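Everything below concerns the one structure shown next.
The values are calculated or read from the model by the stated rules, or taken from the named source; none is laboratory data. Predicted model only: the values in this text are computed from it and were never measured. Because the Cβ atoms are built from the backbone with ideal geometry, glycine has one as well, and the counts that use them run over all protein chains shown. SASA here: full protein model, heavy atoms, side chains in, ligands and nucleic acids out. Shrake-Rupley method; radii C 1.70, N 1.55, O 1.52, S 1.80 Å.
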Amino acid sequence: MGFLRIRTMVDERPGRLASLASALAERGGNILGLSVQSDTGGTVDEFVADIPAGPEVVREALEAAGGREVRVVPATAHELTDEPTRVLLLASRLRTMPWRLPELLAELLRADDARWIYGDAVSDLPDPTRLVVPVAAKRAVRLRRAELPFTLTEAARAAALARLAQPAAGQMGVERAVKLSDGVEVTVRPLTSIYREAVRDLHDRCSPESRRFRYFTAMPTLPPQMFDRLCDRNRGHSLVAGHDGQVVAMANLMFTPDPGIAEMAFLVEDRWQGRGLGVAMARMLVRAARDLGYAEVRATMLSDNARMRRLLVSLGATLGYTDDPGVVEARLPVGAMAAV
């Protein structure tokens, strides 16, 4: 048959990728490219293979090996170019010709069509064969690809490339002033070890309910080893908000073993809740996740944490129940947030 691009959803279990590779090998397939991506339904494995079997035979073989939502489309030898090199070349072209962003995004994701959209069209209805890449609050690029739905990882890749066509954003690690809804200004900085005592005091001032919403238990103090993990930049990106010499809120973005996924959580002192501080820090974390290359941010919360649920839904997250009926999971694609 020739070259095929094969995409399948997989369960996160040891040996599942080996089973899929064996199924292709049994039909004479030679895997020439592999990527692991994050999507709304879970992890997606994508292969480029030289295989004599037809698409329908390949699909049936992978389904028998445990693949779900298997899609098989023709590919060309051109798609075997080194992916990092291809992306770097696209980035180089974009830096010199930013007005060609739609065309280069189409090349990046092998889309059938790409064009600028403006105004209310930026907030279009979801469609897996259509991807809207925000560039500003009322400007975006819309891509279409009929044969393969776009994944969250592809959305993150497109958002990262689009950043090159935008003005330079503020760097992570620099303090920022945030004006709240009542006009009070707080300063947000990266969490470091110098805030150990201030974070301890924050816990002391928070109500048991606020601590329960953050840790699922009314933890009176933050264990030293947990504080050290939150400060470790190899494990995540955490922020503190300060006012008048006190830390009044803490926000944490923690890296996970799942491809392209980070988790976030917040602790806001009771008297500072409902004033826009949580939303502002959440936006900072999502932008940090985008800049770090993550495709999706997730948050796990108690089902009675109505304030957190409203906050995340306002940012575009979808909510779903977990195996525990008292726990809700929010999922937020980082590529959906416009650059502002």
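Which of the residues that make up segment 16-30 are basic (Lys, Arg) and either open to solvent by 60 Å² or more (accessible area, probe 1.4 Å) or modelled with pLDDT of 90 or more (or both)? Selection gives ARG27 alone. Within this structure, ASP124 fails the test of being open to solvent by 50 Å² or more (accessible area, probe 1.4 Å) and either over 21 Å from VAL334 (Cα atoms) or modelled with pLDDT of 90 or more (or both).
Name the single residue, out of those in segment 321-340 being assigned to a strand (DSSP E or B) and open to solvent by less than 30 Å² (accessible area, probe 1.4 Å), that is farthest from ALA162 (Cα to Cα). Checking each candidate, the answer is VAL327.
Given the conditions (1) free of Cβ contacts under 8 Å to residues at least 60 places away in the same chain; (2) among the hydrophobic types (A, V, I, L, M, F, W, C); (3) not in a strand (DSSP E or B), and given that MET264 satisfies all but one, which numbered condition is not satisfied? Failed condition: (3).
Residues of segment 281-310 that are part of a helix (DSSP H, G or I), among the aliphatic types (A, V, I, L, M) and touching a residue at least 40 places away in the same chain (Cβ under 8 Å): MET281, MET284, LEU285, VAL286, ALA288, ALA289, MET308. Going residue by residue through segment 43-51, is there one that turns out to be surrounded by 13 or more Cβ atoms within 10 Å (Cβ to Cβ), closer than 24 Å to GLY316 by Cα and not aromatic (Phe, Trp, Tyr)? Yes; the residues of segment 43-51 include at least one that is surrounded by 13 or more Cβ atoms within 10 Å (Cβ to Cβ), closer than 24 Å to GLY316 by Cα and not aromatic (Phe, Trp, Tyr). Residue count for segment 263-296 under the criterion of being of a type in the set (Val, Ile, Thr) and open to solvent by 10 Å² or more (accessible area, probe 1.4 Å): the result is 2.
Screening the candidates ALA111, ALA61, ALA53, ALA146 for the property of being under 30 Å from PRO14 (Cα atoms) and assigned to a loop (DSSP other than H, G, I, E, B) yields one hit, ALA53. Selection over segment 52-68 of residues that are open to solvent by 60 Å² or more (accessible area, probe 1.4 Å) and either of a type in the set (A, V, I, L, M) or closer than 22 Å to ARG157 by Cα (or both) gives a count of 2.
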